[in-house]
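Data block below; observations after.
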Amino acid sequence: MKTWKVGIAGLRRGRGFVSVFAAHPRVQVTALCDINQDTLADLGEAFELPDSALFTDYDEFVAADTDIVMIATPIRFHAPQTIAALEAGKDVMCEQTAAYTVEDCADIVDAVRCTGRTYMMAENYCYFHYIRQWKQIVDQGKLGPIFHAEAEYVHEIEHLLINDETGEYYWRHERPPIWYCAHCLGPLLTLMDDRIVAASGSSAGFHKHPEQSDHLGFLDMEIGLFRTQKDALIKIARSQVAPRYPHMVYYSLYGTRGYVENGRDGSNTNGYLWIEGETPDDERGQRQAEVIHCTTVDPDAPEEAKHGGHGTSEYYMIRDFLDALEAGVQPPIDVMRSMDFTVPGIIAHESAMSDGNWRDVPLFDW
Ligand SMILES: NC(=O)c1ccc[n+]([C@@H]2O[C@H](COP(=O)([O-])OP(=O)(O)OC[C@H]3O[C@@H](n4cnc5c(N)ncnc54)[C@H](O)[C@@H]3O)[C@@H](O)[C@H]2O)c1
């Protein structure tokens, strides 16, 4: 079995990935890149890498001895860094979302086509244990055809938008909330086996931070409505400033024969499942959903899977990527699917900032 040499760029979020990749017996981490020399040196020491494997310059990093490049830098760098790595002959796993513009998404797709290398977007929430459990229920047709779904990802991270003491802005200040839609759309579209064909958007302005109205990351809330190829409707609510604690990622699916949802109190919650003809009525003979536990951790996962972030999701995500590379097939979240999870948010924001009307969402296909 081949040992895959992996290089990782962007070492804050990437720090976790060094551990997750290192937990896979088929992987050797051979290069690290970060523009921050201290971060780089710190991680190089923690993982006992020689100085020759540590790079502050991305171009030198992509020329290093690696098979796979994992990109976990701020999103504005994803497109140019992805394309440079593909053109250097590397297979790429990139943090989400893929890019900030439709044009950059198209350029990534073209680069994958031209180089023949593999690209997977690291949409880890698709790999939450409860999403994998729900997938089995949906695939068995127990909920019937899905006609509506919702997701809410409300996570107050103001300290990652601006430094309160110095007033310095960090990269997320320029990211409108709905651009970061993959944690919502990824799991829903995976469950529904569907694609978005049209989007509209609307936003609540800067009520909480009127002084930040030039910085779209501070929009109070952005709502995206999405129409799917199978004619279902999806509603997504996104905020990175709303004062809601605990933060939450919430999903619900409505089918003709039932529904499922998780709780809104954090990431490991109790939710509800109701299936026509299967869920028993309560003691009063009334229809009553079953309470289900929605955990991100697969209790049956191998021990090494539990060292990764976000439950066992990242271990399985990387395993799928490596399996696809070894089999010479496309990974589950291939470059086209990555754009399905990225582009609708870009279009919804465009709509929110103008007339709020529905707009077609471009689809990328092999
Ligand atoms: N999937 C998830 O659950 C999840 C969670 C957090 C972050 N993310 C994603 O991870 C990525 C990074 O987010 P973060 O929170 O670590 O950001 P961050 O700003 O905290 O850290 C970014 C790191 O990248 C380095 N860096 C910046 N520009 C660089 C460049 N051009 N080349 C090399 N290194 C560079 C910085 O020095 C820093 O160490 C983003 O794409 C974000 O969306 C995903």
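Tell me whether the range 237-248 contains one or more residues that are closer than 21 Å to Lys135 by Cβ and polar (S, T, N, Q).
Checking the range 237-248: not a single residue is closer than 21 Å to Lys135 by Cβ and polar (S, T, N, Q).
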Item to complete: Give the range 258-303 a look and list any residue that's of a type in the set (Ser, Thr, Tyr) and part of a loop (DSSP other than H, G, I, E, B), or say none.
Response: Ser267, Thr279, Thr295, Thr296
Discussion item. Restricting to the range 13-37, name every residue that is surrounded by fewer than 16 Cβ atoms within 10 Å (Cβ to Cβ), more than 18 Å from Thr82 (Cα to Cα) and at pLDDT 90 or above.
Written reply: Gln28, Asn36, Gln37
Discussion item. With the requirement that a residue be surrounded by fewer than 23 Cβ atoms within 10 Å (Cβ to Cβ) and not β-branched (Val, Ile, Thr), what does the range 112-141 give you?
Written reply: Arg113, Cys114, Gly116, Arg117, His129, Arg132, Gln133, Lys135, Gln136, Asp139, Gln140, Gly141
Worksheet entry | For Lys142: the one exception among (1) more than 12 Å from the ligand (Cβ to nearest atom); (2) under 29 Å from Glu350 (Cα atoms); (3) not in a helix (DSSP H, G or I) | (2)
Fill in: Enumeration of residues in the range 38-48 that are surrounded by 14 or more Cβ atoms within 10 Å (Cβ to Cβ) and closer than 26 Å to Thr312 by Cβ
Leu43, Phe47
Discussion item. Condition (residue is surrounded by fewer than 17 Cβ atoms within 10 Å (Cβ to Cβ), modelled with pLDDT of 95 or more and within 16 Å of the ligand (Cβ to nearest atom)) applied to the range 197-216: is it met by at least one residue?
Written reply: no
Discussion item. Checking the structure you have, find out if any residue of the range 115-130 is over 21 Å from Val249 (Cβ atoms), part of a helix (DSSP H, G or I) and not assigned by TED's automatic domain parsing to the domain that holds Phe77.
Written reply: no
Worksheet item: Only one residue in Ile223, Ile234 is in contact with a Ser or Thr (Cβ under 6 Å, 6 or more places away or on another chain) and over 18 Å from Val102 (Cβ atoms), so which one is that?
Response: Ile223
Fill in: Residues being on the phi > 0 side of the Ramachandran plot and in contact (Cβ under 8 Å) with a residue 40 or more places away in the chain - total across the range 281-317
2
Worksheet item: Looking only at residues in the range 1-42 that are under 18 Å from Asp91 (Cα atoms) and hydroxyl-bearing (Ser, Thr, Tyr), which one is farthest from the ligand (Cβ to nearest atom)?
Response: Thr3
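Residues checked against (1) within 30 Å of Ser202 (Cβ to Cβ); (2) surrounded by fewer than 18 Cβ atoms within 10 Å (Cβ to Cβ):
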{"residue": "Met317", "(1), (2)": "no, no"}
{"residue": "Asp320", "(1), (2)": "no, yes"}
{"residue": "Ala327", "(1), (2)": "no, yes"}
{"residue": "Ser338", "(1), (2)": "yes, no"}
{"residue": "Val343", "(1), (2)": "yes, no"}
{"residue": "Ile346", "(1), (2)": "yes, no"}
Worksheet item: Across the range 68-83, which residue is farthest from Phe55 (Cα to Cα) among those that are part of a helix (DSSP H, G or I) and within 6 Å of the ligand (Cβ to nearest atom)?
Response: Ile75
Discussion item. Filter the range 157-192 down to the residues that are assigned to a loop (DSSP other than H, G, I, E, B) and free of Cβ contacts under 8 Å to residues at least 40 places away in the same chain and list them by number.
Written reply: Asn163, Asp164, Glu165, Thr166, Gly167, Glu168, Tyr170
Worksheet item: In the range 244-257, what residues are under 16 Å from Ala289 (Cβ atoms) and either free of Cβ contacts under 8 Å to residues at least 40 places away in the same chain or in a strand (DSSP E or B) (or both)?
Response: Tyr250, Tyr251, Ser252, Leu253, Tyr254, Gly255
Practice prompt. Could you check, for the range 318-327, whether at least one of its residues is within 21 Å of Ala151 (Cα to Cα) and touching a residue at least 60 places away in the same chain (Cβ under 8 Å)?
Written response: no
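Yes/no per residue for (1) in contact (Cβ under 8 Å) with a residue 60 or more places away in the chain; (2) within 30 Å of Ile83 (Cβ to Cβ):
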{"residue": "Thr115", "(1), (2)": "no, yes"}
{"residue": "Thr118", "(1), (2)": "yes, yes"}
{"residue": "Met121", "(1), (2)": "yes, yes"}
{"residue": "Tyr130", "(1), (2)": "yes, no"}
{"residue": "Gln136", "(1), (2)": "no, no"}
{"residue": "His155", "(1), (2)": "yes, yes"}
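The values are calculated or read from the model by the stated rules, or taken from the named source; none is laboratory data. Only a predicted model underlies this, so the values are computations on that prediction, with no experimental measurement involved. Don't worry about glycine lacking a Cβ; one is built from the backbone with ideal geometry, like all the others, and counts go over all protein chains shown.
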